[in-house]
Amino acid sequence: MTMKVLGYAAKSAQVPLAPLEFTRRDPRPDDVVMEVLYCGVCHSDLHQAHNDWGFSTYPLVPGHEVIGRVTAIGKEVTKFKVGDFAGIGCMVDSCRECQPCQAGLEQYCEVGNIQTYNGIDRHDHTPTFGGYSQAIVASEDFVLKMPVGLDLKAAAPLLCAGITTWSPLRHWNIGKGSKVAVVGLGGLGHMALKLANALGAEVTLFTRSASKEADARRLGAHHIVLSTEDAQMTAAKGQFDLIIDTVPYVHDLMPYIPTLKVDGTLVLVGYLGDLSPMLNTMPLILARRSVAGSCIGGIAETQEMLDFCAKHGIVSDIEMINIQDINEAYERMVKSDVKYRFVIDMASLKA
């Protein structure tokens, strides 16, 4: 039962997204078929549509913050039944056999995880297409249960922005008594503030903009440090166990390193690429500080994050849009003109 579905696609790096009818693969025995209800809009959707990273293949249907309703299940599926609300994040498969996969770290699969879109299915070698579409198919092992009580619309960005900031908080054992700082207040940064606060940490936002203070406090920051003010940066020296750096473009890390405690870590979650200016190792060596990177999270960890968010009433701050407005939303994202995440109401596709 090959499915023809309607979606929105980039047909090349130079043209705006436009409607496209395409074929979903036949469901396999372990597959879940979902009607897509909502899909978050991530910065990486924009980068991949425009081929900013150099590995996009077209046509490309973006979307990896997918919330839907299960409409069919394969005969081996035990985790879901028809009618359940479910989610799909940034990946839909992995080799499942390497050391990271066996440890529940499918995002670091040694063969490479299979991305929800712009990937290649490891069984039939067809391209994967994302959530800007009517329906999606994936193995139940990579589909998440949506806990009762979560606002489904506002939960969509948890599947990328949420898990991307949750994973380092958990890996570095953040909890009561921890001091965490967040660099950048966008889709990732606003989730980092909410989650670190709910874990019991004392939370600081580094920002260049004093106008963000009220919003940062509403989202869970206890302190604001203006990174442009030398006196404030000096006063912050030696404070933080963990700094989550969410800035998506190249920037100078050196001002933040001295604000880490001995054994503190600055973890990059927003930027892919070469660092410039280069790191000076002196403040690293003299206090055993680390600069690290982190990528989304494993499936079990993502489920843990969703359950935590349901328990603590945490979702993203969103602006709902129709799929017809996606190109304008991309333009606004480039200008950081969104608080803090666009979510597409996929019912608008029927129009």
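Determine the relative contact order of region 25-89: mean sequence separation of Cα pairs under 8 Å and six or more apart, normalised by residue count, in whole percent.
Numbers: 106 pairs, mean separation 26.9, N = 65.
After rounding, I find 41 percent.
Shown are Tyr256, Tyr58, whose ranking by accessible area with a 1.4 Å probe and every protein chain present, most to least, is Tyr58, Tyr256.
Farthest toward the positive end of the dipole of region 206-315, out of Ser290, Gly270, Val225, is the Cα of Val225, where the dipole comes from beta carbon charges about the Cα centre. Per residue, the average separation of C-alpha pairs within less than 8 Å and at least 6 apart gives the chain a relative contact order of 17 percent.
Annotation: amide H-H contacts under 5 Å for Ser294 (H modelled 1.01 Å from N, sequence separation of 5 or more, or interchain): Leu268.
FRET efficiency for Thr228 and Thr57, Cβ-Cβ distance as r, R0 = 41 Å, nearest 0.05? Walk me through the intermediate numbers first.
Values: r = 41 Å, r/R0 = 1.00.
For Thr228 and Thr57, the calculated efficiency is 0.50.
For the chain, the Cβ-based charge dipole about the Cα centre amounts to some 560 debye (Lys, Arg positive; Asp, Glu negative; other atoms uncharged).
For region 192-202, the Karplus equation 6.51 cos²θ - 1.76 cosθ + 1.60, evaluated at θ = phi - 60°, returns couplings of 4, 4, 4, 6, 4, 4, 5, 7, x, 7, 8 Hz by residue, with Gly and Pro reported as x. Under 5 Å between amide hydrogens, built in the peptide plane, is the criterion, and for Val182 it picks out Thr204, Leu205, Phe206, Ile244 among residues at least 5 positions away or on other chains. Between Ala347 and Thr126, the contour length at 0.36 nm per residue exceeds the Cα-Cα span by 76.9 nm.
According to the square roots a ≥ b ≥ c of the eigenvalues of the Cα gyration tensor, what is the shape class of region 27-163, taking rounded for a/c under 1.5, prolate for a/b larger than b/c otherwise, and oblate for the remainder? Provide the component values of the computation, followed by the final result.
Values: a/c = 1.43, a/b = 1.12, b/c = 1.27.
The shape class here is rounded.
Based on C-alpha pairs under 8 angstrom that are at least 6 apart in sequence, region 1-154 has a relative contact order of 27 percent.
Taking all protein chains as present, what is the carbon and sulfur share of the accessible area of the chain, in % to the nearest whole number, probe 1.4 Å? Heavy-atom surface of the chain belonging to carbon and sulfur, 1.4 Å probe: 53 percent. 3J(HN,Hα) couplings calculated from phi for region 133-147 with the Karplus curve 6.51 cos²θ - 1.76 cosθ + 1.60 (θ = phi - 60°) are, in sequence order, 7, 5, 8, 8, 10, 7, 4, 4, 5, 10, 10, 9, 7, 8, x Hz; Gly and Pro show x. Under 5 Å between amide hydrogens, built in the peptide plane, is the criterion, and for Ile321 it picks out Val343, Ile344, Asp345 among residues at least 5 positions away or on other chains.
Here the calculated FRET efficiency for Leu275 and Val334, from their Cβ-Cβ distance with R0 = 30 Å, stands at 0.85, rounded to the nearest 0.05.
Sites listed here are GluC sites (Glu not before Pro) in region 48-151 whose DSSP assignment is loop and whose Cβ has at most 16 other Cβ atoms within 10 Å: Glu76, Glu97, Glu110. Helices in the chain, meaning DSSP H runs of at least 4 residues, each add -39500 (n - 2.57). Divided by all residues, the mean residue ellipticity at 222 nm is -6000 deg cm²/dmol.
Looking at region 1-61, which trypsin sites (Lys or Arg not before Pro) are in a loop (DSSP not H, G, I, E or B) and have at most 15 other Cβ atoms within 10 Å?
Details: sites: Lys4, Lys11, Arg24, Arg25; in loops: Lys11, Arg25.
Loop-located and lightly packed - Lys11.
Counting only Cβ charges, +1 for Lys and Arg and -1 for Asp and Glu, the dipole size of region 283-351 around its Cα centre is about 360 debye.
Across q = 0.17, 0.21 Å⁻¹, region 88-229 modelled as identical point scatterers on its alpha-carbon atoms has Debye log10 I(q)/I(0) values of -1.01, -1.21, in the order of the q list.
Per the Kirkwood treatment, what hydrodynamic radius in Å, one decimal, follows for the chain from the mean inverse distance over all distinct Cα pairs?
Values: mean 1/r = 0.0483 Å⁻¹.
It works out to 20.7 Å.
For region 55-120, chymotrypsin sites (Phe, Trp or Tyr not before Pro) are listed when DSSP marks them as loop and at most 12 other Cβ atoms sit within 10 Å of their Cβ; the list is Phe55. Across region 81-86, rounded Karplus estimates of 3J(HN,Hα) from the backbone phi angles (6.51 cos²θ - 1.76 cosθ + 1.60, θ = phi - 60°) give 10, 4, x, 5, 8, 9 Hz, Gly and Pro being marked x.
The values are calculated or read from the model by the stated rules, or taken from the named source; none is laboratory data. This one's a predicted model, so the numbers in the text were calculated from it and none came from an experiment. Glycine also receives a Cβ, built like all others from the backbone with ideal geometry; neighbour counts cover every protein chain displayed. Please note that ligands, DNA and RNA were not included when accessible areas were found on the heavy atoms of the full protein model with its side chains. Shrake-Rupley method; radii C 1.70, N 1.55, O 1.52, S 1.80 Å.
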